[in-house]
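Undergrad: Handing you this structure, nothing more for now.
The values are calculated or read from the model by the stated rules, or taken from the named source; none is laboratory data. Everything quoted here is computed from the prediction, not taken from an experiment. All Cβ positions, glycine included, derive from the backbone under ideal geometry; neighbour counts span all protein chains shown.
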Amino acid sequence: MILSMTGFGRSEGVYEGKKITIDLKSLNSKSFDLSIKMPSRYKEKEFEIRKVLNDRITRGKVDCYIHLETLNSENDSNINEEVVKSYIAELKKIAGDGPDFEYLKMAVRMPEAISAKTDEINDNEWVLLLQLLQEAISKFENFRKTEGDILHEELKRNIHNIETYLSMVVPYEGVRLEAVKERYQNTLKEFGNIDETRFYQELAYYTEKLDISEEKVRLVQHLKYYTEVMKNENLNGKKLGFISQEIGREINTLGSKANHAEIQKLVVMMKDDLEKIKEQTLNVL
């Protein structure tokens, strides 16, 4: 089964006036490369979050974004009233009587006059965050499967094209070898005192060098193997990459032995589809 390395998943939830949004995105990569961006509130849970992602996501350059949005107008800061009053009293002692508002403006700038509310995540919020993370991963996996189905159809079409072009080579094989033999025989007539036995040995050797039957058989086998792995094996991207390299070797050898304009044209079309296969295979998980 084909899975794409391209993926996307999003989940959202609300906890005590805070909206939590998790986005997962991935692109192709030779290994698993994870980047996480999250509010400082959740930093203490980064190790656990990484472990969940590592356990469920395979390969790809993965970006995880956790966004926290406050939905109500509640202030995240506390004014330490007693501390502020103490500062105002001390300021009055030093500066004498004056407008309380001016003293207040100075007092709130003093150390510990204002403190941030606790920014620690509690157990219930952590449970919700984990649920949202698992939900985002599930959507991410479904996206990869959907993209993989599209990739499967494209790869299957390209493999079929190469098989079709290969079958079109057959009619030109006999014509090609007959043309070579006829050219050599005409050459033989033009010259006298030639050892015919040696001549035909050389002709047989040259004809054998032009024979592409083995390349055709191996190419058919590689195409069949590619299709089988694509259909029946999971996490098969690297293996498909290796098979596509073998397909390329046989096509290149076939082209170098072709010695025929029409066969060369078919080889060029095979190479075009093979390049598409290689590009698409890079995005297979």
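Undergrad: Condition test on Ile159, is it surrounded by 13 or more Cβ atoms within 10 Å (Cβ to Cβ), at pLDDT 95 or above, more than 30 Å from Cys64 (Cβ to Cβ) and not basic (Lys, Arg)?
TA: Spelling it out, Ile159 is indeed surrounded by 13 or more Cβ atoms within 10 Å (Cβ to Cβ), at pLDDT 95 or above, more than 30 Å from Cys64 (Cβ to Cβ) and not basic (Lys, Arg).
Undergrad: Kindly provide the set of residues from segment 41-72 that are in contact (Cβ under 8 Å) with a residue 40 or more places away in the chain and of a type in the set (S, T, N, Q), ordered by number.
TA: The answer is Thr58, Thr70, Asn72.
Undergrad: Moving to a separate point now. Which of the residues belonging to segment 216-232 are within 29 Å of Phe32 (Cα to Cα) and touching a helix residue (DSSP H, G or I) at 6+ places or on another chain (Cβ under 7 Å)?
TA: Of everything in segment 216-232, those that are within 29 Å of Phe32 (Cα to Cα) and touching a helix residue (DSSP H, G or I) at 6+ places or on another chain (Cβ under 7 Å) turn out to be His222, Leu223, Tyr225, Tyr226, Thr227, Val229, Met230.
Undergrad: If I ask for residues that are exposed (fewer than 13 other Cβ atoms within 10 Å of the Cβ) and among the acidic types (Asp, Glu), which ones from segment 15-25 would you list?
TA: The one that is exposed (fewer than 13 other Cβ atoms within 10 Å of the Cβ) and among the acidic types (Asp, Glu): Glu16.
Undergrad: Kindly indicate whether any position in segment 270-285 is at pLDDT below 90 and either within 19 Å of the chain's Cα centre (by Cα) or among the aromatic types (Phe, Trp, Tyr) (or both).
TA: Taking every residue of segment 270-285 in turn, at least one turns out to be at pLDDT below 90 and either within 19 Å of the chain's Cα centre (by Cα) or among the aromatic types (Phe, Trp, Tyr) (or both).
Undergrad: Being in contact with an Asp or Glu (Cβ under 9 Å, 6 or more places away or on another chain) and among the acidic types (Asp, Glu) is the filter here, so list the residues in segment 224-258 that pass it.
TA: Glu250
Undergrad: Which members of segment 245-257 meet the condition of being under 14 Å from Glu214 (Cβ atoms) and in contact with a helix residue (DSSP H, G or I) (Cβ under 6 Å, 6 or more places away or on another chain)?
TA: Glu246, Glu250, Ile251, Thr253, Leu254, Lys257, listed by residue number.
Undergrad: Which residues, counting only those in segment 214-263, are part of a helix (DSSP H, G or I), touching a Ser or Thr at 6+ places or on another chain (Cβ under 7 Å) and farther than 17 Å from Asn158 by Cα?
TA: Glu215
Undergrad: Follow-up. Consider Arg10 carefully, then state whether it is in contact with a strand residue (DSSP E or B) (Cβ under 7 Å, 6 or more places away or on another chain), touching a residue at least 24 places away in the same chain (Cβ under 8 Å) and part of a strand (DSSP E or B).
TA: Answer is yes for this residue.
Undergrad: Then there is this: Does segment 26-40 hold any residues that are crowded, with 17+ Cβ neighbours inside 10 Å and touching a residue at least 40 places away in the same chain (Cβ under 8 Å), and which are they?
TA: Passing the criteria: only Ser26.
Undergrad: So, one more: Could you check segment 87-131 and list, in sequence order, the residues that are modelled with pLDDT under 70, under 50 Å from the mean Cα position of the chain (by Cα) and surrounded by 11 or more Cβ atoms within 10 Å (Cβ to Cβ)?
TA: Ile114, Ser115, Asp119
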